[in-house]
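The values are calculated or read from the model by the stated rules, or taken from the named source; none is laboratory data. Treat the numbers as computed from the prediction; the structure is a model and nothing was measured. FYI the Cβ positions are ideal-geometry reconstructions off the backbone, even for glycines, and counts take in every protein chain you see. Please note that ligands, DNA and RNA were not included when accessible areas were found on the heavy atoms of the full protein model with its side chains. Shrake-Rupley method; radii C 1.70, N 1.55, O 1.52, S 1.80 Å.
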Amino acid sequence: MKLVVAITGASGARLAVKFIQNLPKSVEAFIVISKSAEKSLRLEDGIDLKEVLKDSGKFHFFKENEIEAPISSGSFKTDKMIILPCSMNTLAKCAVGISDNLITRAFTVMFKEKREIILAPREMPLSAIALENMHKLSQLGVIIAPPVLAYYSKQNSLELMEDFMIGKWFDLLKIEHNLYERWK
């Protein structure tokens, strides 16, 4: 599988790092990080994405201004895309078709090619505008899957809660995992 993973400047970008670290070796990831996400990771978590992931898997890294990257073209075959976390700014641009950076351009390409896209908006409370944008994108076939905790699987730590959310995104992407115990 060729997976585009876009990381935007919403709080919680460390979830994207953990998501990428848990990808099976069979997944080739094309990772795009926004300036805001880089800053968020550095300020909130002291993380340098490339340094943390340097020996983890088949990863290709891009900055949001690298519009010449292969993922900006529909002729470059990728299978799925996730924007994790998805800022409200990126969500709004996706909802109206603005493709002014590599993240939104890749989204537009994936959308026009009818490839699977997941957005993980990270905001609370949600404004009426954000809900309207999510509704519009959902009606157009984009999967809206924010990081929402579940309490039925007996998570008793932040790490286990993060594993559950990442497992749910993997389920949507049809990536096998054992990150959480399934309901029996």
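Miscellaneous remarks
- Given 15 as the ceiling on other Cβ atoms within 10 Å, longest exposed-site-free region of the chain for GluC sites (Glu not before Pro) in DSSP loops: 1-65
- For the cross-link pairs 114/184; 63/112; 63/136; 18/58, the ones whose C-alpha atoms lie over 25 Å apart are 114/184; 63/136.
- Spacing of the two label points (7 Å from each Cα toward its C-beta) at residue 79 and residue 154, in nm: 3.2
- Hits among aspartates and glutamates - C-alpha to C-alpha of residue 39 under 17 Å, sequence gap 8 or more where chains match: 48, 51, 64
- Heavy-atom SASA rank of 62, 76 (probe 1.4 Å, accessible area, largest first): 76, 62
- In the list [x] 43, 41, 33; [y] 53, 35, 29; [z] 60, 37, 27, the label attached to Cα extents along the principal axes in Å as derived from the coordinates here is [x].
- Kyte-Doolittle mean at least 0.0, axial Cα span of 20 Å or more - DSSP H helices of the chain: 158-173
- Whether segment 107-184 is rounded, prolate or oblate, judged on the alpha carbon gyration tensor where a/c under 1.5 counts as rounded: oblate
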